[in-house]
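Notes to accompany the following structure.
Any read-out appearing in this document is the output of simple, stated calculations on the displayed coordinates, not a laboratory observation. The model shown is predicted, which means the values in this text are computed figures rather than measured ones. Here Cβ is always computed from backbone atoms with ideal geometry, including for glycine, and neighbour counts include all displayed protein chains.
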Amino acid sequence: MNKKICIVIANYYPKISNELIKGALKTLKSKGLRNYKIFKVPGVFEIPFVISKNINKYNGFLALGCVIRGETPHFEFLSRSTINALMHLTITYKKPIGNGIITCHNKKQALARSSKKNNKGKESVNAIFPLLKY
């Protein structure tokens, strides 16, 4: 399949981000998708901006990163606004965006969701793959 994929990864939690990207790249390659570019951003809030700037250059997108609940409502604002922005982009531009953004209560949960066994990066590739033919 000759499709161009844009991967935008938030590096706020580098260990988790590295595992997400490993899972995504392994899955892309297993599906024959080798034409991709990776953009690194500081946090998940910046992901929709990078996707919107590149929306016409790629067939599909992966949004990868992690938000861990803290003691303030910041978690709620970041998670909701980022997911809403991604949904707006995918509906408006009719491009698949795989949501590989982990939202969880603690780092232990985040590490579990970025592990080899249960990798959200892998899941995001599997989510967009069937949609790339439309």
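Some observations on this one:
- Extension gain from residue 37 to residue 126, taking 0.36 nm per residue of separation minus the Cα-Cα distance: 30.3 nm
- Using the Cβ-Cβ distance between residue 54 and residue 111 with R0 set to 25 Å, the FRET efficiency from 1/(1 + (r/R0)^6) comes to roughly 0.25.
- For the chain, a crude dipole built from +1 on the beta carbon of Lys and Arg and -1 on the beta carbon of Asp and Glu, taken about the Cα centre, is about 680 debye to the nearest 20.
- Counted by neighbouring Cβ atoms within 10 Å, the residues 67, 41 run from fewest to most as 41, 67.
- The chain, helix-only ellipticity at 222 nm - DSSP H runs n ≥ 4, -39,500 (n - 2.57), divided by all residues, nearest 500: -14000 deg cm²/dmol
- Long hydrophobic helices in the chain: the complete DSSP H runs spanning 15 Å or more by Cα along their own axis with mean Kyte-Doolittle hydropathy of at least 0.0 are 74-93.
- Distance violations [Cα-Cα > 24 Å] among 53/107; 15/120; 94/116; 57/122: 53/107; 94/116
- Residue exposure sequence - 6, 66, 104 - by fewest surrounding Cβ within 10 Å: 104, 6, 66
- Of (1) 23, 17, 11; (2) 33, 15, 12; (3) 35, 22, 9, the label for semi-axes √(5λ) of the Cα gyration tensor in Å derived from the coordinates: (1)
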